[in-house]
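Trainee: Below you'll find the structure I mean.
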């Protein structure tokens, strides 16, 4: 990255140089993390160029492949790096090319995470660009929140008062693109649908992830969940909302028809447009998945006969989600049909496991999963690395070490199995895999952690190695409060004041943010710069005074000992 990037002053550049590390999964010409395959090396260059503010490189890469704008890694896109780098011209180029952070899986790093980054850091031009895009695409207005609050509180009089004072808010949206009808769907208040339609709200408006109100009724929402956030007195059956939307004029698209089992409508659409069988909808979901998840076998067969591909990459599932959906629903004949059509028996879904595991999770306790498990295994389904017990991991290494060490999910798991002699043997035999083997060590407080770090470094492990956005191993140890690991890393040459690029903080800042008092004291004793940061938003003291942003909905509060940590930092000269 260029040394004159506009977001960093000379002191910051002197403290650390560019430390972005290309993820191994992106070192391929066929990289899929969103839904369209791209060249992973080009994607990585775009991530770096966006952070660096290299407009020429950004334009060149997008001209080569416009789909690179949605090359996703760890729920983020090149746009995220352009925002972090305070590069408004690149932000503009990417937005004009269609960059949509709402496509982030689960909307995890969508607009609601991106806009506050620019706001907190004072990147005023970037803030203006993001807000302008939100407004033009979704009718975003910060003034929408009182209406959303009234809807969530199920306060009809408050809703009426808000729209009476400002009727145009019925057509506005929040930072995720939810309009009032989206919120009516999530909260299952039918009268609200009536009111907002009468006020001119678009019943088919997509929000930032592409979900229209009726697709939201079918999918549900990650952030506002029916099983967690809805009061017991609300409508229990979500299909009532789907039917109500259709009665009020919502479009019965192919996705909707497949989900509700309307075979006549499916056949009508396919007769006029056979290619629709293999076309993802606005949420980047396959129509085959909708039918399979609900067990509509005749529709599944109809779609397959029109060319639907059960392995087509879609949102959350780079190898298709239809078989996963059938497994989750325990729809045996649908699963058999998909497998016979070539569906990958080991397909998985982000954060939800694979076909075998979802079948067991949903139906194992009732003893109703045996037939599905048998069918999946007949077609080649196997237990995935992340499902293996410590005993199974050890057995895999003892039986065939070269194969086990080459399996990305197993190497980091070896440390947690408790066999230090075998761990040492693997490090010495496969020093080129030291980084992978270190994965479990960095987050542990094992009695031999210190010895393990020394062993790893001796065999080529870089104590200053980083993740893709510059978060160093010391950051990881500090975040977990693992003193022995941190001490060993420093002993081996780790930079105590290294700054990561995602949030702009040091290891000390991360320890402070997580309330790790002993780690804070340890790092200060070792000479950590109490005020080192990329900017004022990321100082250790600031992070003891601002809410933890990691999971803003579920962990909005500071650690209970944040005042104690703040006092410790001030005693060592911390300032805002």
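What follows is calculated from the coordinates using simple rules that are stated; it is not laboratory data. Nothing here was measured: the structure is a model prediction, and the numbers come from that model. Glycine gets a Cβ as well: all are built from the backbone with ideal geometry, and neighbour counts include every protein chain shown.
Trainee: Say each of residue 365 and residue 384 gets a label point 7 Å from the Cα, pointing the same way as Cα to Cβ; how far apart are those two points in nm?
Mentor: Between residue 365 and residue 384, the label points sit 2.1 nm apart.
Trainee: Quick check on packing: order 26-32, 122-128 by the mean number of other C-beta atoms within 10 Å, highest mean leading.
Mentor: 122-128, 26-32
Trainee: Modelling each spin label as a point 7 Å along the Cα-to-Cβ direction, I'd like the residue 464/residue 567 distance in nm, to one decimal.
Mentor: Going from the residue 464 label point to the residue 567 one covers 3.7 nm.
Trainee: For the pair residue 57 and residue 352, how long in nm is the line joining their label points, each one 7 Å along Cα→Cβ?
Mentor: 3.7 nm
Trainee: For residue 191 and residue 145, what is the calculated FRET efficiency with R₀ set at 22 Å and r taken between the beta-carbons, to the nearest 0.05?
Mentor: Efficiency for this residue pair is about 0.55.
Trainee: Highest mean first, how do 390-397, 168-175 rank when packing is the count of other Cβ atoms within 10 Å averaged over residues?
Mentor: The densest-packed peptide leads the list: 168-175, 390-397.
Trainee: For the range 24-140, what does the alpha-carbon gyration tensor say about shape, rounded, prolate or oblate, given a ≥ b ≥ c as the root eigenvalues, a/c under 1.5 as rounded, and a/b over b/c as prolate?
Mentor: Cα axes put the range 24-140 in the prolate bin.
Trainee: Can you bin the chain into rounded, prolate or oblate? Criterion: square roots of the alpha carbon gyration tensor eigenvalues sorted a ≥ b ≥ c, rounded for a/c under 1.5, prolate for a/b above b/c, oblate for the rest.
Mentor: Oblate.
Trainee: So, one more: Relative contact order for the range 187-264: what percent, with Cα pairs under 8 Å and sequence separation of 6 or more?
Mentor: 38 percent
Trainee: Note down the relative contact order for the chain as a percent, whole number, built from C-alpha pairs under 8 angstrom at least six residues apart.
Mentor: Across the chain, relative contact order equals 8 percent.
Trainee: Also, quick follow-up: When a footprinting reagent is the concern and you count Cβ atoms within 10 Å, what order do 374, 383 take, fewest first?
Mentor: 374, 383
Trainee: In addition: Rounded to the nearest 0.05, what FRET efficiency is calculated for residue 167 and residue 252 with R0 set to 30 Å and r the Cβ-Cβ distance?
Mentor: Efficiency for this residue pair is about 0.55.
Trainee: List the pair-distance distribution P(r) of the range 462-571, using every Cα-Cα distance, as the percent of pairs falling in each 10 Å bin from 0 up to the bin containing the longest distance, rounded to whole percents.
Mentor: Whole-percent P(r) values from 0 Å outward: 17, 52, 28, 3.
Trainee: Over the range 227-301, what number does the Rg to Rh ratio reach, with both radii from the alpha-carbon atoms and Rh per Kirkwood?
Mentor: 1.03
Trainee: For the pair residue 298 and residue 374, what calculated FRET efficiency results from E = 1/(1 + (r/R0)^6), where r is the Cβ-Cβ distance and R0 = 25 Å, to the nearest 0.05?
Mentor: 0.55
Trainee: Under the 0.36 nm per residue contour assumption, what length would be gained going from the current alpha-carbon distance of residue 448 and residue 28 to full extension?
Mentor: Contour length minus the Cα-Cα distance gives 147.6 nm.
Trainee: At a threshold of 8 angstrom on Cα-Cα distance, excluding pairs fewer than six apart, so keeping six or more, what relative contact order does the range 264-382 reach in percent?
Mentor: With pairs under 8 Å counted, the relative contact order is 20 percent.
Trainee: Report the full-extension gain for the segment residue 428 to residue 239: residue separation times 0.36 nm, less the Cα-Cα distance, to one decimal in nm.
Mentor: 62.2 nm
Trainee: Taking only DSSP H segments of four or more residues, each worth -39500 (n - 2.57), what value at 222 nm results for the chain once the sum is divided by all its residues, to the nearest 500 deg cm²/dmol?
Mentor: Roughly -14000 deg cm²/dmol at 222 nm, from the helical runs in the chain.
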